[in-house]
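Before we start, here is the structure in question, set down as structure tokens.
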Amino acid sequence: MKRWWLLIYLFGVMMTVQGQEKADKLAWWTESRFGLFVHWGLYSQAAGDWKGKPTRGGEHFMLYEQIPLAEYAKIAATFNPTGFSAEEWVMAAKDAGMKYIVITTKHHDGFAMFDSPSSDYNIVKKTPWGRDPLKELAEACRKHGLKLGFYYSLGRDWEDPDVPTNWPTKAGRSNYWDYPDEDSKDLNKYIARKVKPQLRELLTQYGEVDVIWFDTPELFSKEQSADIREFILDIQPNCIINNRVGNNLGDYTVVEQSLAGSAKGDWESCITMSKNWGYNRHDKAWKSSTVLIRNIIETASQGGNLLLNVGPKGDGRFPKESIERLAAIGRWMKVNGEAIYGTTAWMVPGEGNLELEKEDLGMGEKMTSKDAENDATSKEIISDIRFTTKDDEVYIFLRNPDADVIPVKSMKENSMKIEKISMLGNDETVVWEQHSDALKFHIPAGIQSDVPVYVFKVKTR
């Protein structure tokens, strides 16, 4: 009997140690709370058109239009992004308050956006530009102190002949018009021929890589996912891997195009600024700066990160709409960022409008049949309250307040001891009182902001 108790004790110690090791590894990531997602590829050059007509499926249009690989590959001959500046990209992200960048190194079309010795189907070999943007981006990130992650489409590749899929039906996300024999496709051949060589290149050519951000594990088995994870960590032990390596073997969970808090533990929401991930000249559905800032707060209040996407144009420049929104977010974050960075969820996420989205539109355990344009984020702008916490302080976010006196029911009399309340970015004294039904405080008069979302710091004792 004593032996069994010893084994149980040792197992508990081992799990505690592993948990602490994971927390230490993720420390910079959980501190960051806010990052930039970049979708850039041949689809950016097409910009939503094919043969003079608007395409279906956004950056997935090769699949939706069933374009033969030989035709799609011709886009590379016109892809010459002379407007690309890694310095401008990184500074736009940094000025917006973002702490890390994740960029598409290979999307579902199979085209490598980096110098890939193992596959000539890449931006250096096939375009007149002939430069490696990842090399320049890695240098700029190191220079300005941002972490860098690489997106890699794992279980979809429309250039390779050995990548089967079965969603939403057999061959539903495969290139079956070029490679029609779905039953003969062998994932192990694809992994050995393309995935591992390209991952090795990504992990050895650009210095320290902070995140490998996989997408669409599709038919990867648990053994294949585990093998890929071990392969990465053998090269870069400190690299973080998201859950889309497949089979619940990632370090954190991704929720796509939703702000839902159904994810447990460490999680990240990735969302678009408009309708599409990649640049599309027909896309006019841009979220306002106020909505995007509300989205940042929504994820932070539930203990998650927000990875906000920009789709650069084919010439390498950010769309002006993205630049304007990043600048507005940056102005707000300069004043209020302390209520986001390094915070955790408080005892409740907020008050009012707490009907959070529950559907996970990512490529994890639950999936929908709408994977190209699947934005389920809230566009509502109404008055409500959200919370985060750090050390002995709680931050109250007033999102679009409709009154000068704010009642906070979660901080009523006898619920907590308050020492002081102050407003971030404002030196005026905040008048407050705790009552039996709510904490009540006054918003200082004369506040001017292009985004009416205000943050109050509650010092507890």
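In whole angstrom, how far apart do the alpha carbon centroids of segment 99-155 and segment 303-354 sit?
23 Å
How large is the accessible surface of residue 377 in square angstrom, using a 1.4 angstrom probe and rounding to the nearest 10?
For residue 377, the solvent-accessible surface is approximately 10 Å².
Just to be sure I understand, if you calculate percent of Cα pairs over 35 Å apart for this structure, which of (i) 53; (ii) 28; (iii) 34 do you get?
It is the one labelled (iii).
Which order do you get for 440, 51 if you rank them by accessible area with a 1.4 Å probe, largest at the top?
51, 440
Still on this structure: Heads up, I need the accessible area for residue 229: 1.4 angstrom probe, whole protein in place, Å², nearest 10.
The value for residue 229 is about 50 Å².
Convert each backbone phi in segment 344-353 into a coupling constant with the Karplus relation 6.51 cos²θ - 1.76 cosθ + 1.60 (shift: θ = phi - 60°), then list the ³J(HN,Hα) values in order as whole Hz, x for Gly and Pro.
10, 5, 7, 5, 9, x, x, 9, x, 6
Also: From largest accessible area down, sort 74, 147; use a 1.4 Å probe on the protein chains.
Heavy-atom accessible area, descending, gives 74, 147.
At 222 nm, what value in deg cm²/dmol follows for the chain if DSSP H runs of at least 4 each add -39500 (n - 2.57) and the sum is divided by all its residues, to the nearest 500?
-8000 deg cm²/dmol
On to the next question. Taking residue 320 as the anchor, which aspartates and glutamates have their alpha carbon closer than 14 Å to its alpha carbon, excluding any fewer than eight residues away along the same chain?
88, 283
Using 0.36 nm per residue, how much length does the chain from residue 184 to residue 135 gain when fully extended, once their Cα-Cα distance is taken away?
14.0 nm
Further question on the same structure: On a 1.4 Å probe surface of the protein chains, which of 275, 459 comes out largest in accessible area, and what is the full order?
Ranked list, largest accessible area first: 275, 459.
Which cross-chain or sequence-distant (5 or more) residues have an amide H under 5 Å from the amide H of residue 453, H modelled 1.01 Å from N in plane?
Hits under the 5 Å cutoff: 400.
Looking at the chain, send over the antiparallel percent of its DSSP beta bridges, to the nearest 5.
50 percent
Excluding residues on the same chain fewer than 8 positions from residue 51, give the aspartates and glutamates whose Cα lies under 14 Å from its Cα.
Answer for residue 51, where 14 Å is the Cα cut-off: 65, 71, listed by chain and number.
Still on this model: May I ask which of 53/106; 147/194; 189/287; 143/334 have a Cα-Cα span longer than 32 Å here?
Long pairs (Cα-Cα over 32 Å): 189/287.
Checking the cross-link filter: which lysines have an alpha carbon closer than 16 Å to that of residue 22, excluding same-chain neighbours under 8 positions apart?
By straight Cα distance, residue 22 reaches 264.
Follow-up. Place the peptides 325-331, 379-385 in order of packing, highest mean first, counting for every residue the other Cβ atoms within 10 Å and averaging per peptide.
Per-residue Cβ counts within 10 Å, averaged per peptide and sorted highest first, yield 325-331, 379-385.
Contact order normalised by length for the chain, with contacts defined as Cα pairs under 8 Å and 6 or more residues apart; what percent is it?
Result for the chain is 16 percent.
Which pairs in the list 390/420; 94/275; 390/459; 417/457; 125/185 are over 20 Å apart, alpha-carbon to alpha-carbon?
94/275; 125/185
Residue 88: accessible area at probe 1.4 Å, nearest 10 Å²?
My reading of the accessible area for residue 88 is about 120 Å².
The values are calculated or read from the model by the stated rules, or taken from the named source; none is laboratory data. Bear in mind the structure is a predicted one, so any value in this text is a computation, not a measurement. When we count neighbours, we look across all protein chains shown, and the Cβ atoms used for this are built from the backbone with ideal geometry, even at glycine. What goes into the accessible areas is simple: the full protein's heavy atoms, side chains included, and nothing from ligands, DNA or RNA. Shrake-Rupley method; radii C 1.70, N 1.55, O 1.52, S 1.80 Å.
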